[in-house]
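Visitor: The structure follows.
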Amino acid sequence: GAVVSQHPSWVICKSGTSVKIECRSLDFQATTMFWYRQFPKQSLMLMATSNEGSKATYEQGVEKDKFLINHASLTLSTLTVTSAHPEDSSFYICSARVLGLHTQYFGPGTRLTVL
Amino acid sequence: GENVEQHPSTLSVQEGDSAVIKCTYSDSASNYFPWYKQELGKGPQLIIDIRSNVGEKKDQRIAVTLNKTAKHFSLHITETQPEDSAVYFCAASPVLFRGSQGNLIFGKGTKLSVKP
């Protein structure tokens, strides 16, 4: 149980284009989903927290107009990187949590490369 | 806010030996402490967690201990195997229902290498 999937697993795009990453909880309802980015050999950096049906809460320094997050259902959250630039290249990971519980289950991550 | 320190940053052991990774946290309101294993190119996988009302928890070769007074917790892996090689992250989370989202604050990670 507690499986989280991400799609795509990797994506290469040109500078200036937008990329959408999907995060799904496969066997449970995720009232809260989190989006992280991770640079090589570094820890996970929380970008934003989203509760189903509500606007996402972004961490300080994360541009909400650049990283659009939608959590339209209890099993799906999406992260859209708008007008991507090479510095947005990173490993993006989502996690999901059930209401009232601490445990976060992570997806397998999406490797974004912007040329 | 919460700050989590993790040591060592790298750890190399021989197969069959034990490995210990230590973390300290700063916020006494934190009450949930998970450990994640991350293999190269993959997402973190929860391996064990502990809550502040428990001092120790075991799951086969893995154990976690928590000292609330000293604000530190440790991961113990016994009889290490080459497949234990990965980056391990500790994390701390505050109480969920005090106006906080209960976000995880991660340590910087420990790269464990188990040599056959």
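Visitor: Which fully enclosed strands (runs of 3 or more DSSP E) of the range B:1-51 have 3 or more residues being more than 12 Å from chain A (Cβ to nearest Cβ) and touching a Lys or Arg at 6+ places or on another chain (Cβ under 8 Å)?
Guide: B:10-14
Visitor: Another question, then. Identify, please: which residue in the range A:67-83 is under 15 Å from the mean Cα position of the chain (by Cα) and in a loop (DSSP other than H, G, I, E, B) and is, among those, farthest from the other protein chains (Cβ to nearest Cβ)?
Guide: Looking at residues that are under 15 Å from the mean Cα position of the chain (by Cα) and in a loop (DSSP other than H, G, I, E, B), I get A:Thr82.
Visitor: Restricting attention to the range A:27-48, which residues are farther than 30 Å from B:Glu5 by Cβ, surrounded by fewer than 14 Cβ atoms within 10 Å (Cβ to Cβ) and not acidic (Asp, Glu)?
Guide: Taking the range A:27-48 first, the residues farther than 30 Å from B:Glu5 by Cβ are A:27-29, A:31.
Narrowing the set further to residues that are surrounded by fewer than 14 Cβ atoms within 10 Å (Cβ to Cβ) leaves A:27, A:29.
Passing the criteria: only A:Gln29.
Visitor: Just checking, how many residues over the range A:105-115 are within 16 Å of A:Ser77 (Cβ to Cβ), in a strand (DSSP E or B) and facing chain B (nearest Cβ under 8 Å)?
Guide: Residues meeting the conditions: 2.
Visitor: Hey, another quick one. Determine which single condition B:Lys68 fails, assuming it passes every other condition in (1) at pLDDT below 95; (2) within 28 Å of A:Val3 (Cβ to Cβ); (3) not acidic (Asp, Glu).
Guide: Of (1) at pLDDT below 95; (2) within 28 Å of A:Val3 (Cβ to Cβ); (3) not acidic (Asp, Glu), only one is false for B:Lys68: (2).
Visitor: If you don't mind, there's one more thing I want to ask. Would you kindly identify the strands (runs of 3 or more DSSP E) lying entirely within the range A:1-66 that contain at least 1 residues that are at pLDDT 95 or above, farther than 25 Å from A:Leu99 by Cβ and of a type in the set (S, T, N, Q)?
Guide: A:32-38
Visitor: Would you check which residues across the range A:88-104 are more than 7 Å from chain B (Cβ to nearest Cβ), in contact (Cβ under 8 Å) with a residue 24 or more places away in the chain and not small (Gly, Ala, Ser) and list them?
Guide: Of everything in the range A:88-104, those that are more than 7 Å from chain B (Cβ to nearest Cβ), in contact (Cβ under 8 Å) with a residue 24 or more places away in the chain and not small (Gly, Ala, Ser) turn out to be A:Asp88, A:Phe91, A:Tyr92, A:Cys94, A:Arg97, A:Val98, A:Leu99.
Visitor: So, one more: Taking the criterion of being at the interface with another protein chain (Cβ under 9 Å from one of its Cβ atoms) and in contact (Cβ under 8 Å) with a residue 12 or more places away in the chain, would at least one residue in the range A:22-34 satisfy it?
Guide: Looking only at the range A:22-34, we keep the residues that are at the interface with another protein chain (Cβ under 9 Å from one of its Cβ atoms), and these are A:32, A:34.
Subset that is in contact (Cβ under 8 Å) with a residue 12 or more places away in the chain: A:32, A:34.
Scanning the range A:22-34, I find at least one residue that is at the interface with another protein chain (Cβ under 9 Å from one of its Cβ atoms) and in contact (Cβ under 8 Å) with a residue 12 or more places away in the chain, so the answer is yes.
The values are calculated or read from the model by the stated rules, or taken from the named source; none is laboratory data. Source: prediction; values computed, not measured. Backbone-built Cβ (ideal geometry, glycine too); neighbour counts: all protein chains shown.
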